[in-house]
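S.K.: Sharing a structure below in structure tokens format, with a few things to ask.
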Amino acid sequence: MFGVRPIGMLAGAGFVVVLLWSFVWGVIAYVPEIGKPTVLNTFNLPLHPQENVSWSFEGATGKYDNRQLQRGFQIYKEVCSACHSMKQVAFRDLAEIGFNTAEVKAIAKNWVVEVPTVNSETGEPATRKATPADKFPSPYANETAARAANNNALPPDQSLIAKARHEGPHYIYSLLTGYEEQPATLVAKFPDVKTPSGLHYNPYFANLNLAMAPPLADGQVTFADGSPNDLKHEAKDVTAFLTWAAEPNLPARHSVGWAAVIYLLVFSGLTYLAYRNIWADKKPKKK
């Protein structure tokens, strides 16, 4: 009769053989695909736009430009809010970008979509005017309604979109300015990936085709201060606003970071001086 140890050794050897076979088979299946041209690695563009776009909030000393943020909010209000919610941003937060109390109250009161509530007398669903304490109301009652209005695509919430996407500001700007006709070379090389009806070609989007039509165009929004309102300026302004919505405390974090660096430098200097003072009269023993 076989002992327990030989059986265990055979079972272990069988496990190792199966593991090695799975690994080798995976390598055989995967290696030929490396470097093979696909529609995505051929036509997807880098996240950074071709031109050099800089942001006031970049870098260790970066900070937001409130005038730009207000323009970006105007674009969101007049264009983006028709489809995209911002569930994490309250109307009163707009005071942080330069709106005064009266302006915040007026913005909330005049918001197109009212806040869902319940009639206290009948118990039936109802709506009311927004107040500064309310979050931006969603343009749709629920996900089903949102998909029904957008070719079964769900418009993502914009509250944290700048942090949810890799290289958020550059991605958003590139996407908004990147719509174009599908290249003939793409269709010629990959006939099966022609942009379907109802979708729109954008080389900055992950799978090249998305349900959202180009949301911005030259002159679509008019600014009271006379700021440029071509496509690129509009895209940059609303991108800045979305970045602020995702990281409203960014300037404060920069300030805290600099304070921490200064503190560490001073502390390091004092530590070194204390070290020199304590060991100044200590001489190494001679061997």
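The values are calculated or read from the model by the stated rules, or taken from the named source; none is laboratory data. Computed from a predicted structure; not experimentally measured. Virtual Cβ from ideal backbone geometry, glycine too; neighbours counted across all protein chains shown. Quick note on the areas: whole protein, heavy atoms, side chains included, nothing else; ligands and nucleic acids left out. Shrake-Rupley method; radii C 1.70, N 1.55, O 1.52, S 1.80 Å.
S.K.: Which distance in nm do the two modelled labels at A148 and N110 give, with both placed 7 Å along the Cα-to-Cβ direction?
M.R.: About 3.1 nm separates the two model spin labels.
S.K.: Could you derive backbone 3J(HN,Hα) for segment 153-169 from the dihedral phi with the Karplus parameters 6.51, -1.76 and 1.60 (θ = phi - 60°), listing whole Hz in sequence and x where the residue is Gly or Pro?
M.R.: 9, 9, x, x, 5, 9, 4, 10, 4, 5, 9, 7, 10, 4, 6, x, x
S.K.: Lys/Arg Cβ at +1, Asp/Glu Cβ at -1, dipole of the chain taken about the Cα centre: which of G219, V18, S85 is farthest positive-ward?
M.R.: V18
S.K.: At 222 nm, what helix-only mean residue ellipticity would the chain give, in deg cm²/dmol to the nearest 500, using -39500 (n - 2.57) for each DSSP H run of four or more?
M.R.: Details: 10 runs with 126 residues, N = 287.
Mean residue ellipticity at 222 nm (helix-derived): -14000 deg cm²/dmol.
S.K.: Run down the aspartates and glutamates and flag those whose C-alpha is under 18 Å from the C-alpha of K236, throwing out any fewer than 8 positions away in its chain.
M.R.: Output for K236: E51, E58, D65, E78, E167, D218, D225, E247.
S.K.: Taking K and R as +1 and D and E as -1, what net charge do the other residues with C-beta under 9 Å from the C-beta of A240 add up to?
M.R.: Numbers: positive: R71, K236; negative: D65, D237.
Value of the local net charge: 0.
S.K.: Between S227 and R276, what FRET efficiency follows from the Cβ-Cβ distance if R0 is 45 Å, with the result rounded to 0.05?
M.R.: Numbers: r = 57 Å, r/R0 = 1.27.
About 0.20, to the nearest 0.05.
S.K.: Here's a follow-up. Cα to Cα, under 14 Å, and not fewer than 8 places away if on the same chain: which aspartates and glutamates meet these conditions relative to K129?
M.R.: Reachable aspartates and glutamates: E114.
S.K.: What is the local net charge at Q182, summed over the other residues whose Cβ is closer than 15 Å to its Cβ (Lys, Arg +1; Asp, Glu -1)?
M.R.: On the way: positive: K189, K194; negative: E180, E181, D192.
So the environment of Q182 carries a net charge of -1.
S.K.: If you don't mind, another one. Along the positive direction of the dipole of segment 61-215 (beta-carbon charges: Lys, Arg +1; Asp, Glu -1; about the Cα centre), which of F73, V113, T177 reaches farthest?
M.R.: Of F73, V113, T177, it is F73.
S.K.: Heavy atoms only, 1.4 Å probe, whole protein assembly: order M212, M9, M86 by accessible area, highest first. Please list the in-between numbers first.
M.R.: Values: M212 60, M9 130, M86 0 Å².
Most to least solvent-accessible, the answer reads M9, M212, M86.
S.K.: Per 0.36 nm of contour for each residue apart, how much would the distance between I7 and V256 grow if the chain were fully extended, relative to their Cα-Cα spacing? Before the final figure, lay out each step's value.
M.R.: Working: separation 249, 0.36 × 249 = 89.64 nm, distance 6.33 nm.
Full-extension gain reported as 83.3 nm.
S.K.: Roughly how big is the chain's charge dipole about its Cα centre, with Cβ charges of +1 (Lys, Arg) and -1 (Asp, Glu), in debye to the nearest 20?
M.R.: Details: 27 positive and 25 negative charges, 402 e Å.
In total the dipole reaches around 1940 debye.
S.K.: Taking K and R as +1 and D and E as -1, what net charge do the other residues with C-beta under 14 Å from the C-beta of Q70 add up to?
M.R.: Details: positive: R67, R71, K77, K236; negative: D65, E78, D93, E96, E103, D225, E234, D237.
Result for the neighbourhood of Q70: -4.
S.K.: Another question, then. For the pairs K189/K232; K63/K232; K105/K232; K87/K232; K77/K232; K87/K109, note any where the Cα-Cα span goes beyond 29 Å. Can you show the working numbers first?
M.R.: On the way: K189/K232 31 Å; K63/K232 21 Å; K105/K232 31 Å; K87/K232 26 Å; K77/K232 18 Å; K87/K109 17 Å.
K189/K232; K105/K232, as the Cα separations exceed 29 Å there.
S.K.: Let me ask something else about it. Work out the length of the dipole vector of segment 109-237 about its Cα centre, built from +1 on the beta-carbon of each Lys and Arg and -1 on the beta-carbon of each Asp and Glu, and round it to the nearest 20 debye. Intermediate results must be reported in sequence, preceding the final value.
M.R.: On the way: 11 positive and 15 negative charges, 46 e Å.
In total the dipole reaches around 220 debye.
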